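**Student:** My structure is below; once you've seen it, I'll send some questions.
The values are calculated or read from the model by the stated rules, or taken from the named source; none is laboratory data. Just so you know, these numbers come straight off a predicted model, no measurement behind them. No Cβ is skipped: glycine too gets one built from the backbone with ideal geometry, and neighbour counts run over all protein chains shown.
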Amino acid sequence: MYTPGPSLLVIVPGDWNVVPEGVAELKRYLADEYGATLMMRTTTARLRSPLALQTGVWAPATWRFAWRDIEQVLLPQAFFSLEWMDEVS
């Protein structure tokens, strides 16, 4: 029976920018640490930040540790928004 491997789906708001080096680091981290892959999709929906969703089968308790690194370090390095500049003006 086929079991899908671990994967991370990141839904990126359309008005956010992608940092290629940050995405490459996120892919490397997922592959090296968890054998996981990265899928990215853009959306026109208004989101405050990229939405990261786990897909596939992750080893027990690994998602909690992966999420900490992904949310606090890797996503901010891979995606950013300049919306704050509108608020300053």
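**Student:** Please list, ordered by first then second residue, the pairs with beta carbon atoms under 8 Å, 6 or more apart or interchain, first in the stretch 12-27 and without any contact (Cβ under 8 Å) to a residue 40 or more places away in the chain, second surrounded by 15 or more Cβ atoms within 10 Å (Cβ to Cβ).
**Tutor:** LYS27/THR37; LYS27/LEU38
**Student:** Might you check whether a residue that is loosely packed, with under 13 Cβ neighbours inside 10 Å, at pLDDT below 95, β-branched (Val, Ile, Thr) and out of contact with any strand residue (DSSP E or B) (no Cβ under 9 Å at 6 or more places or on another chain) occurs anywhere in the stretch 38-56?
**Tutor:** Looking for residues that are loosely packed, with under 13 Cβ neighbours inside 10 Å, at pLDDT below 95, β-branched (Val, Ile, Thr) and out of contact with any strand residue (DSSP E or B) (no Cβ under 9 Å at 6 or more places or on another chain), one finds none in the stretch 38-56, hence no.
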